[in-house]
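The values are calculated or read from the model by the stated rules, or taken from the named source; none is laboratory data. Given the structure is predicted, the values throughout are model-derived calculations rather than measurements. Cβ coordinates were reconstructed from backbone atoms using ideal geometry, including for glycine residues, and neighbour counts include every protein chain displayed. Heavy atoms of the whole protein, side chains included, go into the accessibility calculation; ligands, DNA and RNA do not. Shrake-Rupley method; radii C 1.70, N 1.55, O 1.52, S 1.80 Å.
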Amino acid sequence: MIATPHDAATSETQQANVVQEVSLARIYVLRATYLLLVIGLGGMIVPDVVSHPVVSRGVIPSLLGAVWVLAFVGLKYPLGMLPLLMFEFAWKSI
Amino acid sequence: MNDVSLFRLYLMRALYLLIAAGLGATIWPQIMGHPTPWPLWHGVGCSLLGAISILAVMGLRYPLEMLPVLFAELIWKAIWLIAVALPLWSAHNMDADNLETAQNCLLGIIVPFVIPWRYVFAHFVKAPGDRWK
């Protein structure tokens, strides 16, 4: 719990230090990964979502469409959207 | 982190628990006892949802860090309802399977009530992005 301005300042410094620990190169690698998701899913899934035969189930394209949308957010906030990459890793592992 | 109330954090934890329990009960038995060979789309679908259930468990401990999971839930259900359910329903072509999925997606209406939007705007819209240089 942050009780005093001193605690808040310390906590902010700690957070800043943690963020500094992720190198600029690594941040760009993350951004490149999100960009790959945007382009790959954009090419494969989005056309299906937009113009699909009316009878198909569509759950998987919808899920991957959501990932596509969030990958754009990941270009600006690669660290905040890390769960997206964790999700990609997890489902492919399973 | 104190701009999100303790009550809201517990509300988010309850939602993650619901997601994890629901998917745990329906999806993991299918993953653990799947037929070989497993039809591609069924396997992919279960793997995707299995991954969401794992991240939802992490959301119990880190509800704010796992917010993207709730975003994904909200967005994919919205996409499915608009792109799949609505055309089917308008064409009076809704079958039992799709109706069940539609009902599950409509349950997703609780997600926007749980997401702490002010926190989301502060951290994912107004905040400067991570370093560019």
Worksheet, complete the sentence: Among the residues of region B:107-133, the number that are β-branched (Val, Ile, Thr), free of Cβ contacts under 8 Å to residues at least 24 places away in the same chain and outside any helix (DSSP H, G or I) is 0
Item to complete: Specify which of the listed residues (B:113, B:124) is under 15 Å from the mean Cα position of the chain (by Cα), closer than 28 Å to residue A:50 by Cα and open to solvent by 10 Å² or more (accessible area, probe 1.4 Å).
Response: B:113
Response to the item:
Within region B:54-77, of all residues that are over 12 Å from the mean Cα position of the chain (by Cα) and open to solvent by less than 40 Å² (accessible area, probe 1.4 Å), the one farthest from residue B:3 (Cα to Cα) is B:63
Item to complete: Would you be able to say whether some residue in region A:31-43 is open to solvent by less than 20 Å² (accessible area, probe 1.4 Å), within 9 Å of another protein chain (Cβ to nearest Cβ) and either touching a helix residue (DSSP H, G or I) at 6+ places or on another chain (Cβ under 8 Å) or modelled with pLDDT of 90 or more (or both)?
Response: yes
Worksheet item: Which one of these does residue B:7 not meet: (1) within 13 Å of chain A (Cβ to nearest Cβ); (2) without any contact (Cβ under 8 Å) to a residue 24 or more places away in the chain; (3) open to solvent by 60 Å² or more (accessible area, probe 1.4 Å)?
Response: (1)
Discussion item. Would you confirm, using the coordinates I've provided, whether residue B:20 is more than 10 Å from every other protein chain (Cβ to nearest Cβ) and more than 22 Å from residue A:84 (Cβ to Cβ)?
Written reply: no
Discussion item. Quick check on my filter: what residues within region B:23-36 are within 10 Å of chain A (Cβ to nearest Cβ) and farther than 20 Å from residue B:72 by Cα?
Written reply: B:31
